[in-house]
Amino acid sequence: MTSLQEQARALGDPTRHAVFRLVADASAPLGVAEITDHFGLNHNAIRQHLAKLVAAGLLVEARAATGRPGRPPLTYTVDAAADGRWGVVGAYERLSLLLAEVIRTGDAPVEVGRRLGRREAAERGVAGDPEVALGAVRDMSARQGFAPVVRRSGDDVDIELHACPFAATAVADPGTVCALHLGIAQGMAEGAEGIEVDELVARDPRREVCLLRLHVEGP
């Protein structure tokens, strides 16, 4: 596990710090091309900065789900371990904002989650493409800190949630916390034809892996 000193050294370079802030402030994972265009630098230089940020435990590298042939491009999001540090909003801060909305509006947690999911889906442009929507749900779980692993069998998809950033609160009140996460996934899938979020199998996150179950409808 990287130390705060290693992260501080990685962010000591002004350009690298700016790259980190760009990714941290983005509403969706960013690719190398987007970051390169933003800074107007050589893509190899950007790749080197990204590699050092990943090595320091500040960013996470993943393959985008495009639903198209060919090797998917790399995308970058903030590592959940960096939550609450270096100006990044932490997991419990995000949760507190959602809970405040539940209290303020009187809406059910699942509906508050759906609204957030719809906003994220609109920002990511997932409408009409179930494969992109599936990737967006996975990426959302990764950004939240759930360490998702996708298991797919035909049209049935299980997203295993190997870490829960809200474990203590989820154990105390799974009806609220898990409903928020289920609603976010449902909201993101609503705009894409051919994908449905079936259920969130909630377990004790301290001992077992929770499952987000979806299915992709065939042509």
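What follows draws every value from the coordinates through simple rules; no lab data is involved. Quick caveat, the model's predicted, so the values are computed rather than measured. Please note: Cβ atoms are built from the backbone with ideal geometry, for glycine as well, and neighbour counts cover all protein chains shown.
For the chain, the relative contact order works out to 18 percent when only alpha carbon pairs closer than 8 Å and six or more residues apart are counted. Using all pairs of distinct alpha-carbon atoms, the Kirkwood hydrodynamic radius of segment 120-219 works out to 13.5 angstrom. Figure legend: label point modelled 7 angstrom from the Cα of Leu41 along Cα→Cβ; residues of segment 10-32 with amide N under 18 Å from it are 10-26, 30-32. Here the extension length gained between Asp204 and Ala8 equals 67.1 nm, from 0.36 nm per residue of separation less the Cα-Cα distance. The region of the chain that goes longest without hitting one of the GluC sites (Glu not before Pro) in a DSSP loop, each with at most 16 other Cβ atoms within 10 Å, is 1-192. Each principal axis of the chain carries a Cα extent, and these read 44, 42, 33 Å when sorted largest first. Taking 0.36 nm per intervening residue step and subtracting the Cα-Cα distance, what contour gain separates Leu211 from His162 on full extension? Taking 0.36 nm per residue and subtracting the Cα distance, the gain is 16.7 nm.
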